[in-house]
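The values are calculated or read from the model by the stated rules, or taken from the named source; none is laboratory data. As the structure is a prediction and not an experimental result, all values here were calculated from the model. FYI the Cβ positions are ideal-geometry reconstructions off the backbone, even for glycines, and counts take in every protein chain you see. The accessibility values were calculated without ligands, DNA or RNA, using every heavy atom of the protein model including side chains. Shrake-Rupley method; radii C 1.70, N 1.55, O 1.52, S 1.80 Å.
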Amino acid sequence: MSTAAVTPERAGRIKRPARSGRAWARAPWYAPWLFMGVALLIIATFIVFPFFNTFALSFTDATLLRDGRFIGLGNFRELLSDARFGSALLNSSLYVVVVVPVMVVLPLILATLAAGDGRFLGFFRTSYYLPVIMSPVIVGLIWTNMLERRGLVNEVLGWLQIVSGPIPFLTDRWLLLFSAMFVTIWMGMGYYMVIYLAALANIDPSLYDAASVDGAGVVRKFLSVTIPGVRNTMGLIGIFSSIAAFRVFGEVYVLTDGTGGVGGENVTMTMLIQREGTGLQAQTGYAGAISLVMFVIMAIFLVLQLVTQNRQGKNS
């Protein structure tokens, strides 16, 4: 099959595809903003505007039914003398102190045990992760039925004759708080275990081989190879778990049936905000002040952990 010869004149008339770089150079300046517009609109509507609105409300005596007037630092001075705020701050802070170290260490141990390609390891990984996908309300109801005076836990302990009477898991202030902490750990450890599994996959296997040649056992390998290999991940999980622990709501709310425990002694910061900011008698200005204090405390947590993590990275 013959083809016609391409003359220089004809070649000059052939249209060549435009280069992608030139096409982008001719694009209008607002083209990238069209791609980000929806995301920015959502962020502005549900994050930026509520934040500044809460900030403004915290300096007023606004309620649900009226806008209120500017009162300066009045709400914050009232917080200093509010026993409920002191109790909520104590409960949330204690939650962080107890839950965060466990959330950093326990999922790492589980990830180390569940790493590999064993026949039953996939089953165990799925079992550990199953509570993560469950609703906090469902989990709270399950553990409420198990921890009540005639629940499964007390019945088993009584049958084994370990205790002489029911343990007040849901009526004693401190037992209730630590029961909620246990539920939080049980729900969250599978999520952090998956993060650790990804970090463990990046550790060079030759490091474990070298440790075996040096005569290191399982514990020594864990301390000398595994922990240094996932140190940055441990810091990241520490930040995530600190924020989640200080913002805890669902577990305590369900275990206390929304009452915050006997006399409201187990109320947390988020539960106090919910109490003050909802209902016909809502004090939205006061709730905004609590929210702002909570934001500042969480920001301090975040900065301190980032500074500590950066110093450890420079020293290592």
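Miscellaneous remarks
- Any chance TYR253 is within 21 Å of the chain's Cα centre (by Cα), open to solvent by 20 Å² or more (accessible area, probe 1.4 Å), among the aromatic types (Phe, Trp, Tyr) and closer than 19 Å to ARG125 by Cα: no
Residues are listed down the side, and each one gets a yes or a no for (1) among the polar types (S, T, N, Q); (2) out of contact with any helix residue (DSSP H, G or I) (no Cβ under 7 Å at 6 or more places or on another chain):
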position: SER92; (1), (2): yes, no
position: PHE120; (1), (2): no, yes
position: PHE123; (1), (2): no, yes
position: SER164; (1), (2): yes, yes
position: PRO168; (1), (2): no, no
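- Tally, over segment 237-250, of residues that are assigned to a helix (DSSP H, G or I) and open to solvent by less than 30 Å² (accessible area, probe 1.4 Å): 8
- Residue pairs meeting the criteria (Cβ under 7 Å; at least 6 apart or on separate chains; first under 19 Å from ILE273 (Cβ atoms), in segment 60-73; second of a type in the set (S, T, N, Q) and in a loop (DSSP other than H, G, I, E, B)): THR63/GLN283
- Conditions (1) surrounded by 15 or more Cβ atoms within 10 Å (Cβ to Cβ); (2) under 25 Å from GLY264 (Cα atoms); (3) among the hydroxyl-bearing types (Ser, Thr, Tyr): number failed by TYR196: (2)
- Checking each residue in segment 258-303 for being of a type in the set (Ser, Thr, Tyr) and open to solvent by less than 40 Å² (accessible area, probe 1.4 Å) picks out THR268, THR270, THR284, TYR286, SER291.
- Qualifying positions in segment 143-162 - among the aliphatic types (A, V, I, L, M), closer than 30 Å to LEU108 by Cβ and either touching a helix residue (DSSP H, G or I) at 6+ places or on another chain (Cβ under 9 Å) or buried (at least 17 other Cβ atoms within 10 Å of the Cβ) (or both): MET146, LEU147, LEU152, VAL153
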